[in-house]
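The values are calculated or read from the model by the stated rules, or taken from the named source; none is laboratory data. Keep in mind the model is a prediction, meaning the values are calculated, not measured. Here Cβ is always computed from backbone atoms with ideal geometry, including for glycine, and neighbour counts include all displayed protein chains. Remember, those area values only see protein heavy atoms, side chains included, never the ligands or the DNA or RNA. Shrake-Rupley method; radii C 1.70, N 1.55, O 1.52, S 1.80 Å.
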Amino acid sequence: NAGVTQTPKFRILKIGQSMTLQCTQDMNHNYMYWYRQDPGMGLKLIYYSVGAGITDKGEVPNGYNVSRSTTEDFPLRLELAAPSQTSVYFCASSFTGFGEKLFFGSGTQLSVL
Amino acid sequence: GQSLEQPSEVTAVEGAIVQINCTYQTSGFYGLSWYQQHDGGAPTFLSYNALDGLEETGRFSSFLSRSDSYGYLLLQELQMKDSASYFCAGSYYGQNFVFGPGTRLSVLP
């Protein structure tokens, strides 16, 4: 099994550009999450989804959008990129949301210049 | 929102035992997880405690005390490859997982 797959691994954006970070999982997990991690810091939840068609905001949703049209895919959209969005982004999934193990993708290093 | 606290850095020598503490806010809390992250890598799951007491997985053990709002990760027989950041993560009703700021462990030869 591939687990959680994120693309791209690295990206440089100019201020004001937009992009979509892709995330797909092949474990039939209901819950999917997007986190960002700034250097030397913990992970902050951006958005999460409890199943296809259902999404909700996390702690730091401003400047981002998500959709969940299938169980497998959970793309993160950045609109009008700003330097404050320079970070490492991790997608994760779990079968339920009740404290069990999170499976993480390998991350996307994004720089906004 | 909820927050968790853990020391920013811990240093120990190879073969030693180290304990990384984590305190958390109790409102809506139902469990504590631990994750390991090597530089440039993704977090990987180590353990989860929903009940008070000790959970052991090989060289790693995790402990939870609900009455003290406190947990710890215990790493035994430290190896160089254990040098990494360790995050506690609280599971809260309605808020999913809330991660602590991380503890950077340096293992010296």
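For the reader, a short list of remarks on this structure follows.
- Relative contact order (%) - criterion: Cα under 8 Å, at least six apart; region: region A:1-66: 22 percent
- Accessible surface buried at the A:B interface totals approximately 1400 Å², computed with a 1.4 Å probe on protein heavy atoms.
- Report note on the peptides B:50-58, B:11-19, A:69-77: ranked by the mean count of other C-beta atoms within 10 Å, highest first, their order is A:69-77, B:11-19, B:50-58.
- Evaluated with a Cβ-only charge set (Lys, Arg +1; Asp, Glu -1), chain B carries a dipole of roughly 180 debye about its Cα centre, given to the nearest 20.
- Cβ-Cβ FRET estimate between A:Asp26 and A:Val50, R0 fixed at 22 Å, reported to 0.05: 0.75
- Relative contact order computed over chain A (Cα-Cα under 8 Å; 6+ residues apart), in percent: 36 percent
- Per atom type, chain B shows carbon and sulfur on 49% of its accessible surface, probed at 1.4 Å.
- Separation between Cα centres of region A:48-82 and region B:7-21, rounded to whole Å: 37 Å
- Applying both filters, DSSP loop and at most 13 other Cβ atoms within 10 Å, to the trypsin sites (Lys or Arg not before Pro) of region A:11-41 gives A:Lys14.
- Neighbourhood net charge (15 Å Cβ-Cβ; Lys/Arg +1, Asp/Glu -1) for A:His29: -2
- The residues of region B:47-90 occluded by other protein chains by 20 Å² or more of accessible area, set against the chain on its own, are B:Tyr48, B:Phe87; surface from heavy atoms, 1.4 Å probe.
- Per residue of B:96-104, other chain Cβ atoms within 10 Å of the residue Cβ number 6 on average.
- Across peptide A:6-16, the average count of Cβ atoms from other chains found within 10 Å of a residue's Cβ is 0.
- Heavy-atom surface of chain A, accessible at 1.4 Å and reported per residue (Å²): 47 Å²
- Within-13-Å neighbourhood charge of A:Glu59 [Cβ basis; K, R +1; D, E -1]: +1
- Dipole axis of chain A (+1 Lys, Arg; -1 Asp, Glu on Cβ), positive-most option in A:Val112, A:Tyr64, A:Met41: A:Val112
- If you plug the beta carbon distance of B:Ser67 and B:Gln2 into 1/(1 + (r/R0)^6) with R0 = 22 Å, you get a FRET efficiency near 0.75.
- Given +1 at the Cβ of Lys and Arg, -1 at the Cβ of Asp and Glu and no other charges, the dipole of the protein assembly as shown around its Cα centre is 660 debye to the nearest 20.
- Averaged over the residues of peptide B:17-24, the number of Cβ atoms from other protein chains lying within 10 Å of each residue's Cβ is 0.
- Charge dipole magnitude, Cβ of K and R +1, D and E -1 - chain A, Cα centre, debye nearest 20: 280 debye
- Site pair A:Lys57 and A:Ala82 shows an inter-label distance of 1.4 nm when each label is modelled 7 Å from Cα along Cα→Cβ.
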